[in-house]
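**Student:** Please find one structure pasted underneath; my questions will follow.
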Amino acid sequence: DAGITQSPRYKITETGRQVTLMCHQTWSHSYMFWYRQDLGHGLRLIYYSAAADITDKGEVPDGYVVSRSKTENFPLTLESATRSQTSVYFCASSEMGVASGTEAFFGQGTRLTVV
Amino acid sequence: KQEVTQIPAALSVPEGENLVLNCSFTDSAIYNLQWFRQDPGKGLTSLLLIQSSQREQTSGRLNASLDKSSGRSTLYIAASQPGDSATYLCAVRGRRQNYGQNFVFGPGTRLSVLP
């Protein structure tokens, strides 16, 4: 099916463990993004990628690592999970066309709880 | 740095009313503005996308306008229904190079339409 999918949808992990959240899109969009959504803070950008093998930090990158070896995948890794990383994580993709940018499409989110 | 605000933060109306949600942004150097809907515990659903060169977009009972020079957008919902109850988010995609021209989100307006 065409679209953007995240996995897992729900995850509970312990403090200090490594966790990887997966994101896969089928449109071959060049841009992909990871956001976290928290009460009182809204959606904040963690990392983004403009193309395969090109990634950069967003507003709140500390404690996270990303990679993009293939255009369609953009995994987010929490190297050593902390309780402050309990959040809902959203992946998004978009193209950046000549027409000054196009629509952003979001995955359904991953609800991560760090205990 | 781009900042996006939305007023009101919450709105409760009886079914059938027409209503307006407001979005303001501080940096007019944008590619586009996008309105999303988010149901509790769910992902973001794109409602309307307005390119920076456009003044408005319509989809069914929804109409979104954009005044880039004043940094404002409005989302007009006609003949509201209980099924419209959700949080509405606006996001702008900036032209400036910081954060790779990512989408900056407002905090959202939580809408309740009462039967």
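The values are calculated or read from the model by the stated rules, or taken from the named source; none is laboratory data. Computed from a prediction, not measured in an experiment: that's the story for all the values here. Here Cβ is always computed from backbone atoms with ideal geometry, including for glycine, and neighbour counts include all displayed protein chains. Note: areas computed on protein heavy atoms with side chains; ligands, DNA, RNA excluded. Shrake-Rupley method; radii C 1.70, N 1.55, O 1.52, S 1.80 Å.
**Student:** State the number of residues belonging to the stretch A:43-61 that are under 12 Å from the mean Cα position of the chain (by Cα), within 18 Å of A:Ser84 (Cα to Cα) and facing chain B (nearest Cβ under 10 Å).
**Tutor:** 5
**Student:** Scan the strands (runs of 3 or more DSSP E) fully inside the stretch A:1-60 and keep the ones with 2 or more residues being within 24 Å of B:Gln2 (Cα to Cα) and open to solvent by less than 40 Å² (accessible area, probe 1.4 Å). If you could, list the steps in order and put the result at the bottom.
**Tutor:** On the way: elements: A:4-7, A:10-13, A:19-25, A:31-38, A:42-51, A:54-57.
In the stretch A:1-60, the matching strands (runs of 3 or more DSSP E) lie at A:31-38, A:42-51.
**Student:** Which residues, counting only those in the stretch A:75-115, are among the aliphatic types (A, V, I, L, M) and modelled with pLDDT of 95 or more?
**Tutor:** The first filter runs over the stretch A:75-115 and keeps only residues among the aliphatic types (A, V, I, L, M), leaving A:76, A:78, A:81, A:88, A:92, A:96, A:98-99, A:104, A:112, A:114-115.
The answer is A:Leu76, A:Leu78, A:Ala81, A:Val88, A:Leu112, A:Val114, A:Val115.
**Student:** Can you name the residue in the stretch B:85-97 that is modelled with pLDDT under 90 and under 14 Å from A:Phe33 (Cβ atoms) and is also most open to solvent (accessible area, probe 1.4 Å) among such residues? Let's see the steps before the verdict.
**Tutor:** Restricting attention to the stretch B:85-97, the residues satisfying the condition of being modelled with pLDDT under 90 are B:93-97.
Subset that is under 14 Å from A:Phe33 (Cβ atoms): B:93-94.
On the way: B:Arg93: 0, B:Gly94: 16 Å².
Applying the filter and picking the extreme gives B:Gly94.
**Student:** Then there's this: Is the stretch B:15-32 home to any residue that is within 14 Å of chain A (Cβ to nearest Cβ), modelled with pLDDT under 95 and either under 14 Å from the mean Cα position of the chain (by Cα) or at positive phi (or both)?
**Tutor:** For the stretch B:15-32, residues within 14 Å of chain A (Cβ to nearest Cβ), modelled with pLDDT under 95 and either under 14 Å from the mean Cα position of the chain (by Cα) or at positive phi (or both): present.
**Student:** Go through B:Thr74, B:Thr58 for me and flag whichever is out of contact with any Lys or Arg (no Cβ under 9 Å at 6 or more places or on another chain), open to solvent by 70 Å² or more (accessible area, probe 1.4 Å), modelled with pLDDT of 95 or more and of a type outside the set (A, V, I, L, M). Write out each step before concluding.
**Tutor:** On the way: B:Thr74 fails: open to solvent by 70 Å² or more (accessible area, probe 1.4 Å).
It is B:Thr58.
**Student:** If a residue has to be under 24 Å from B:Ser46 (Cβ atoms) and not small (Gly, Ala, Ser) to count, how many in the stretch A:57-93 make the cut?
**Tutor:** Within the stretch A:57-93, the subset under 24 Å from B:Ser46 (Cβ atoms) is A:58-60, A:66, A:68, A:71-76, A:87-93.
Then drop every residue that is not not small (Gly, Ala, Ser), which leaves A:59-60, A:66, A:68, A:71-76, A:88-91.
Residues in the stretch A:57-93 being under 24 Å from B:Ser46 (Cβ atoms) and not small (Gly, Ala, Ser): 14 in total.
**Student:** Does A:Thr26 qualify as being out of contact with any Phe, Trp or Tyr (no Cβ under 9 Å at 6 or more places or on another chain), more than 11 Å from chain B (Cβ to nearest Cβ) and either of a type in the set (Val, Ile, Thr) or more than 15 Å from A:Gln6 (Cβ to Cβ) (or both)? Give the steps one after another, and end with the answer.
**Tutor:** Working: out of contact with any Phe, Trp or Tyr (no Cβ under 9 Å at 6 or more places or on another chain): yes; more than 11 Å from chain B (Cβ to nearest Cβ): yes; either of a type in the set (Val, Ile, Thr) or more than 15 Å from A:Gln6 (Cβ to Cβ) (or both): yes.
Considered against the rule, which asks whether it is out of contact with any Phe, Trp or Tyr (no Cβ under 9 Å at 6 or more places or on another chain), more than 11 Å from chain B (Cβ to nearest Cβ) and either of a type in the set (Val, Ile, Thr) or more than 15 Å from A:Gln6 (Cβ to Cβ) (or both), A:Thr26 comes out as yes.
Each row is one residue, and each column tells you yes or no for (1) in a strand (DSSP E or B); (2) of a type in the set (Gly, Ala, Ser).
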residue	(1), (2)
B:Asp27	no, no
B:Asn32	yes, no
B:Gln57	yes, no
B:Asn63	yes, no
B:Leu66	yes, no
B:Ser80	no, yes
B:Pro107	no, no
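**Student:** Test each condition in (1) in contact with a strand residue (DSSP E or B) (Cβ under 8 Å, 6 or more places away or on another chain); (2) away from chain A (no Cβ under 14 Å); (3) in contact (Cβ under 8 Å) with a residue 40 or more places away in the chain for B:Ser69 and report the one that comes out false.
**Tutor:** Only one criterion is unmet by B:Ser69, namely (1).
**Student:** Take the residues in the stretch A:62-99 that are within 14 Å of chain B (Cβ to nearest Cβ) and loosely packed, with under 15 Cβ neighbours inside 10 Å; name whichever of them is nearest to A:Ser30 (Cα to Cα). Reasoning before the result, please.
**Tutor:** Initially, the stretch A:62-99 is screened for residues within 14 Å of chain B (Cβ to nearest Cβ), giving A:66, A:68, A:74, A:87-99.
In the following step, the residues that additionally are loosely packed, with under 15 Cβ neighbours inside 10 Å were identified as A:97-99.
Values: A:Gly97: 10, A:Val98: 13, A:Ala99: 15 Å.
That would be A:Gly97.
**Student:** Same structure again: Given the criterion within 14 Å of chain A (Cβ to nearest Cβ), touching a helix residue (DSSP H, G or I) at 6+ places or on another chain (Cβ under 8 Å) and closer than 26 Å to A:Arg44 by Cα, identify the matching residue among B:Lys42, B:Lys1.
**Tutor:** On the way: B:Lys42 fails: touching a helix residue (DSSP H, G or I) at 6+ places or on another chain (Cβ under 8 Å).
None of the other options fit; the residue is B:Lys1.
**Student:** Suppose we filter B:Asn32, B:Asn63, B:Asn102, B:Asn18 for residues that are open to solvent by less than 20 Å² (accessible area, probe 1.4 Å), over 30 Å from A:Pro8 (Cβ atoms) and in contact with a strand residue (DSSP E or B) (Cβ under 8 Å, 6 or more places away or on another chain); which single one remains? Can you show your working first?
**Tutor:** Working: B:Asn63 fails: open to solvent by less than 20 Å² (accessible area, probe 1.4 Å); B:Asn102 fails: over 30 Å from A:Pro8 (Cβ atoms); B:Asn18 fails: open to solvent by less than 20 Å² (accessible area, probe 1.4 Å).
Result: B:Asn32 is the single residue among B:Asn32, B:Asn63, B:Asn102, B:Asn18 that is open to solvent by less than 20 Å² (accessible area, probe 1.4 Å), over 30 Å from A:Pro8 (Cβ atoms) and in contact with a strand residue (DSSP E or B) (Cβ under 8 Å, 6 or more places away or on another chain).
**Student:** Is it true that some residue in the stretch B:37-51 is among the polar types (S, T, N, Q), surrounded by 13 or more Cβ atoms within 10 Å (Cβ to Cβ) and more than 20 Å from A:Leu39 (Cα to Cα)?
**Tutor:** Among the residues of the stretch B:37-51, at least one is among the polar types (S, T, N, Q), surrounded by 13 or more Cβ atoms within 10 Å (Cβ to Cβ) and more than 20 Å from A:Leu39 (Cα to Cα), which makes the answer yes.
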